[in-house]
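One structure is given below, encoded as structure tokens.
Read the figures in this text as sums done on the coordinates, not as results from a lab. Here the structure is a predicted model, which is why all the values come from computation and not from measurement. Here the Cβ positions follow ideal geometry from the backbone for every residue, glycine too, while neighbour counts run over all protein chains shown.
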Amino acid sequence: MLHDLAQPLNVISMANGNLGYIMESLEMPPAQRAQLDERLNRIAAQTEHAASILNLFRWFGRDREGAMLNVKSALQQAVAATRSNVRHGGVGVRLGGDALDYPLAGRHGLLEMMTVAALLSSFGTFVLADGSKIKGLVHVHAELSPSFIVIAIWCEDETARPCPAGPIDQTTLWLLEQIARAGDGDFRRAPEKHGLAQFTIRLARDDI
């Protein structure tokens, strides 16, 4: 499937390069050339971004061997997989906490999948009922408790005021709970007006 998705990107990239070559041999006003150059550069950047997302999905949710895998790398993969400048422009994601360097080779994929679901729901917080969008920040805070790795996720607007959690359907929530159990943990969506964290992911520590 990834191969099929990559083929159109290759065609777009080649066509974009050919257009750039043709433009170099054409005479046109500087303003028009600058406008076309900007469009070609934008197409090239978006194609490269799409290719990087496909590369992420090649490994998404699968535990890899070799490289040092930890909580931070799982969270970074989830952020990259959900990144969209079109839909979520103006919304940042901030990672923090003392558990980012905790080794997580065996459950790396589980944490990726759960974090992606929580992030997608969190991004929905910044799309209002009328379709307008607001700016803000999603916090992903990972810390160690005596028995668990605890990842808390919450949102705030651009004035640092907490925002309510976005929607998540019960079927998805049930599936995430099963995924969490496979990693000796749990996935929770906090009730409305219940503390700061909107989503909490817990995975049992394996160093105790």
Could you pull out every residue, at least 5 positions away or on a different chain, whose amide H is within less than 5 Å of the one on R205? Hs are placed 1.01 Å off N in the peptide plane, and Pro or chain starts have none. F148, I149
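Subtracting the Cα-Cα distance from 0.36 nm times the residue separation, let me have the gained length for D157 to A15 in nm, one decimal.
Values: separation 142, 0.36 × 142 = 51.12 nm, distance 4.08 nm.
The D157-A15 span can extend by a further 47.0 nm.
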Ranked by Cβ crowding within 10 angstrom, fewest neighbours first, how are T125, T47 ordered? T47, T125
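By count of other Cβ within 10 Å, fewest leading, how are T115, T172, T159, T82 ordered? Mind dumping the intermediate values first?
Details: T115 27, T172 14, T159 7, T82 20.
Arranged by neighbour count, lowest to highest, T115, T172, T159, T82 become T159, T172, T82, T115.
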S147 versus A45: modelled label distance in nm, points set 7 Å from Cα along the beta carbon direction: 4.9
Residues meeting the amide H criterion for N70 (H placed from the backbone, H to H distance under 5 Å, 5 or more places apart or on another chain) are L104
HN-Hα J couplings of segment 135-144 from phi, Karplus 6.51/-1.76/1.60, θ = phi - 60°, integer Hz, Gly and Pro as x? 8, x, 9, 9, 8, 10, 10, 10, 9, 9
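Provide K135, K72 in ascending order of the number of other Cβ atoms located within 10 Å of each residue's Cβ, fewest first. Don't skip to the answer; put the middle values down first.
On the way: K135 13, K72 17.
By the 10 Å Cβ count, ascending: K135, K72.
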Which residues in segment 106-122 place their backbone N less than 18 Å from a point set 7 Å from the Cα of D169 along the Cα-to-Cβ direction? 114, 116-122
Taking H as built 1.01 Å from N, whose amide H comes closer than 5 Å to the amide H of E158, not counting residues under 5 places away? K135
